[in-house]
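To keep things clear, I will list the structure first and then write my remarks on it.
The values are calculated or read from the model by the stated rules, or taken from the named source; none is laboratory data. Small disclaimer: the values here were computed from a predicted structure and weren't measured. Every residue, glycine as well, gets a Cβ built from its backbone with ideal geometry; the counts of neighbours run over all protein chains shown.
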Amino acid sequence: MIIESTDVAKASIEMSISSRENEKKLEKFFEDKGILTAAVDIGGNINNSIPKIIERALVASKKRGLIRENYHVHDGAIAGATREALFQIIQKANGLNVGGKIGIARNKEHISVCIFMSIGLLHLNEVVIGLGHRSIPV
């Protein structure tokens, strides 16, 4: 089975919208297909949390074996894809509190980062999603 970049993106989206209980099942499901995945919860004021969100994506990717330790090309790909996903979210969330999850998926050279968030505004919660993709050396 050939895995395309769209399949990797779909896996990262599914990881980002999964519940904590379902996360392990999805990790196994995607691993059986040849897609490595990771997910991590995030939250706080979006403006103050940007560096922390990028850091959490890097740590989760390394912890789950999606990227190698101390390999700048991989670090840059995760940071870049995470920033791309954040740029898609920031316009709606600027200055507000957010809570959600980062989903990360990789198959060979394709790596995708999806950020799914709820934006708190009094009792009216907005929902937003951002997706970034990078291609990295195998």
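Points to keep in mind about this one:
- Selection from the stretch 31-49 of residues that are part of a helix (DSSP H, G or I) and either farther than 18 Å from L96 by Cα or modelled with pLDDT of 95 or more (or both): E31, D32, K33
- The stretch 1-13 - residue that is in contact with a Gly (Cβ under 7 Å, 6 or more places away or on another chain) and within 20 Å of G100 (Cβ to Cβ) and, of those, surrounded by the fewest Cβ atoms within 10 Å (Cβ to Cβ): I13
- Residue match in the stretch 58-73 (condition: under 15 Å from G132 (Cα atoms), surrounded by 14 or more Cβ atoms within 10 Å (Cβ to Cβ) and small (G, A, S)): yes
- Selection within the stretch 109-138 - surrounded by 14 or more Cβ atoms within 10 Å (Cβ to Cβ) and either more than 16 Å from the chain's Cα centre (by Cα) or hydrophobic (A, V, I, L, M, F, W, C) (or both): I111, V113, C114, I115, F116, M117, I119, G120, V128, I129, L131, I136
- Filter pass, V138 being within 21 Å of H74 (Cα to Cα) and not in a strand (DSSP E or B): yes
- Identity of the residue in the stretch 90-107, surrounded by fewer than 22 Cβ atoms within 10 Å (Cβ to Cβ) and not in a strand (DSSP E or B), that ends up modelled with the lowest pLDDT: G95
- Hey, V127 among the β-branched types (V, I, T), modelled with pLDDT under 95, more than 27 Å from S19 (Cβ to Cβ) and not in a helix (DSSP H, G or I) or not: no
Conditions tested, residue by residue: (1) of a type in the set (S, T, N, Q); (2) out of contact with any Ser or Thr (no Cβ under 8 Å at 6 or more places or on another chain); (3) within 26 Å of K24 (Cα to Cα).
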| site | (1), (2), (3) |
| --- | --- |
| G65 | no, yes, yes |
| A79 | no, yes, yes |
| Q91 | yes, yes, no |
| N94 | yes, yes, no |
| A105 | no, no, yes |
| K108 | no, yes, yes |
| M117 | no, yes, yes |
